Amino acid sequence: MRGIQISSYVSGPRDLKVVDLPAPTPNKSQYTIRVHTTATNFFDLLQIRGKYQHQPPLPWTAGAEFAGEVIAVPDSPSGQKKLKYNVGDRVFGAAQGGYAEVVVAIEAQLKPVPEGWSYNEAAGLFVTMPTSYAGLVTRAKVQKGEWVLVHAAAGGVGLAAVMIAKALGATVVATAGTEEKLQVAKNFGADHVINYRDADWPLKVKAMTPGQKGVNVVYDPVGLIDKSTKCTAWNGRLIVIGFVGGEIEKVAMNKLLLKNIAVMGLHWGAYALNEPETTESVWEELLAMMSRKEISGTEFTGRTFVGLESVPEALEALGARETWGKVVVKVPQQSSSKL
């Protein structure tokens, strides 16, 4: 098969090369999936440089999220008697090695492609959708009628948060850094949009809310918690998703005390270890929302990326903030390729 192997850390995406590799050998609990589409993530940019918190031993195949077709099944996934997936089933998921023609994954790393969805739409679901659902529902417990502020709303987790909050009956205020991205957020359901490069954005957000009392929930993957306290209502809940803005904030605790604000973090990846039952319930609700067409894929359509050779270009565009939603790469099927 062909894939992008990391034998030594690189300085950036342009240093990545597609090479011929032996197909991964599944263990007794792993499925083998022929990759049709692979998705890019910011953590991929860190991992290829050796700067991510999870670094496999060299050499390893890059990438994580994917969508494709099951071509081989395990003997028994984690001791279960019945397999959830069969050869030919369409699945999406995340496992080390997504930037390749073939990947192996255990059952917990896979979900069925929703009926009527393309591989392109499904490839970018596995990380962003549950992150946003768990942040808004499991942690913040968003209620119908509340106001939710979503930062970086045109990103992968941001657009997921916009759609999920709307499906829950909330009014959504979305922020982004360009007019194009603000329009994208509106296209996915945001009720109000505002550019967070405007120095007065917290006051403008607060002015939008009923009685100018502020928003009930803030969903923040950027690092804007401190400024968001200025437009948060009494008993507000602020969810820390990440720090794509680059700096880890420090917030004066008196701001939390004065408005009875709760700030909480969300580390979705750690749920599999600490609360596996929660991962199942989150996905059950998400798949139901997908079947009801309350949420959709967030595939970036501004440019087309085809072939593993285009992964470096896709990652570079992602890192330069030139894209919105999930940047996916189509992996053409080569009938002559040896697995």
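If the condition is being open to solvent by 10 Å² or more (accessible area, probe 1.4 Å), part of a loop (DSSP other than H, G, I, E, B) and touching a Gly at 6+ places or on another chain (Cβ under 9 Å), then the stretch 59-69 contributes only Ala64. The single residue among Glu277, Glu284, Glu322 that is surrounded by fewer than 19 Cβ atoms within 10 Å (Cβ to Cβ) and either within 18 Å of His151 (Cα to Cα) or touching a residue at least 12 places away in the same chain (Cβ under 8 Å) (or both) turns out to be Glu322. Going residue by residue through the stretch 190-206, is there one that turns out to be under 19 Å from the mean Cα position of the chain (by Cα) and not assigned by the TED database to the domain that holds Gly98? Yes, because at least one residue in the stretch 190-206 is under 19 Å from the mean Cα position of the chain (by Cα) and not assigned by the TED database to the domain that holds Gly98.
Okay, residues lined up against (1) open to solvent by 40 Å² or more (accessible area, probe 1.4 Å); (2) aromatic (Phe, Trp, Tyr):
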position: Phe126; (1), (2): no, yes
position: Ala134; (1), (2): no, no
position: Glu146; (1), (2): no, no
position: Ala161; (1), (2): no, no
position: Ala170; (1), (2): no, no
position: Val173; (1), (2): no, no
position: Glu180; (1), (2): yes, no
position: Asn187; (1), (2): yes, no
position: Ala190; (1), (2): no, no
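Within the stretch 12-21, the presence of a residue that is at pLDDT below 95, out of contact with any helix residue (DSSP H, G or I) (no Cβ under 9 Å at 6 or more places or on another chain), surrounded by fewer than 16 Cβ atoms within 10 Å (Cβ to Cβ) and part of a loop (DSSP other than H, G, I, E, B) is excluded. Scanning the stretch 33-43 for residues that are surrounded by fewer than 16 Cβ atoms within 10 Å (Cβ to Cβ), in contact (Cβ under 8 Å) with a residue 40 or more places away in the chain and among the hydroxyl-bearing types (Ser, Thr, Tyr) turns up nothing. For the stretch 301-319, the tally of residues that are assigned to a helix (DSSP H, G or I) and open to solvent by less than 60 Å² (accessible area, probe 1.4 Å) stands at 9. Here Gln53 fulfils each of the conditions (1) more than 18 Å from Val311 (Cα to Cα); (2) at pLDDT 95 or above; (3) open to solvent by 20 Å² or more (accessible area, probe 1.4 Å) apart from (2).
Results for (1) surrounded by fewer than 16 Cβ atoms within 10 Å (Cβ to Cβ); (2) closer than 30 Å to Ser291 by Cβ; (3) charged (D, E, K, R), shown as yes or no for each residue.
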position	(1), (2), (3)
Gln47	no, no, no
Ala72	yes, yes, no
Asn86	yes, yes, no
Glu115	yes, yes, yes
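The values are calculated or read from the model by the stated rules, or taken from the named source; none is laboratory data. Model, not experiment: these values are computed from the prediction. Note: ideal-geometry Cβ built from the backbone for every residue, glycine included; neighbour counts use all protein chains shown. Heads up: the accessible areas ignore ligands, DNA and RNA and are worked out on the full protein's heavy atoms, side chains in. Shrake-Rupley method; radii C 1.70, N 1.55, O 1.52, S 1.80 Å.
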